[in-house]
Amino acid sequence: MSFCFRKDQDKYQEFLNFLEANKNKKGAIMPILQKAQEIFSYIPEEIVDLMALRMGVHSSEIYGVASFYSQFSFIPKGEHEICICLGTACYVKGSDKILAELEKELGIKVGETTPDGKISLTEARCIGECGVAPVVSIDSSRNIEKASRAMVSDIIKEVLEDTNEVKA
């Protein structure tokens, strides 16, 4: 998937307006990157170049900030995110096997997005739901407790159908 200003003209204009309004403020790189991430769901290379040009800084400075913080991604994110917890409690109860099954069924690795742009697969060190491990989080808004490899196909199906609840 590549970035295209023509295809994303409204998003580009929204970003450009924000950039112009904020480019001369002290510490502007961080909020401008956050806005780019919000609008595009990742930081396109072309946006970094545009920021550097309009802000009068080297693109390496912008990349330095963006690569330091894990909230920023240079890879397009999917419409939905499936996140598997790999914290100790979840891992001991088989989250690594669930992850392997998710990678197999989706045809991607952790940190990647399906070619159709529908699903990104991520991992977390702890979701904080250790008592109901293993846990899979969908779009950071709902958790599937006591997940299993057998549930993977249903999880993917439910995510693609964009329903509010995954059946156990």
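The values are calculated or read from the model by the stated rules, or taken from the named source; none is laboratory data. Given the structure is predicted, the values throughout are model-derived calculations rather than measurements. Quick reminder, even Gly has a Cβ in these numbers, built from the backbone with ideal geometry, and neighbours come from all protein chains shown.
Quick look at the numbers
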quantity	calculated
Hits in region 9-29 - residues which are acidic (Asp, Glu) and farther than 11 Å from Leu50 by Cβ	Asp10, Glu14
Of the criteria (1) at pLDDT 95 or above; (2) surrounded by 19 or more Cβ atoms within 10 Å (Cβ to Cβ); (3) in contact with a Lys or Arg (Cβ under 7 Å, 6 or more places away or on another chain), which one Val48 fails	(3)
Scope region 92-147; condition in contact with a Leu (Cβ under 9 Å, 6 or more places away or on another chain) and closer than 18 Å to Ser41 by Cα; matching residues	Val110, Gly111, Glu112, Thr113, Thr114, Lys118, Ile119, Leu121, Glu123
Region 66-100 - residue that is surrounded by fewer than 16 Cβ atoms within 10 Å (Cβ to Cβ) and part of a helix (DSSP H, G or I) and, of those, nearest to the chain's Cα centre (by Cα)	Ser67
In region 14-54, the residues that are under 15 Å from Tyr69 (Cβ atoms) and among the charged types (D, E, K, R)	Lys35, Glu38
Any hit, region 29-43, residues being in a loop (DSSP other than H, G, I, E, B) and surrounded by fewer than 14 Cβ atoms within 10 Å (Cβ to Cβ)	no
Some residue of region 38-49 being free of Cβ contacts under 8 Å to residues at least 12 places away in the same chain and not assigned by TED's automatic domain parsing to the domain that holds Ile144	yes
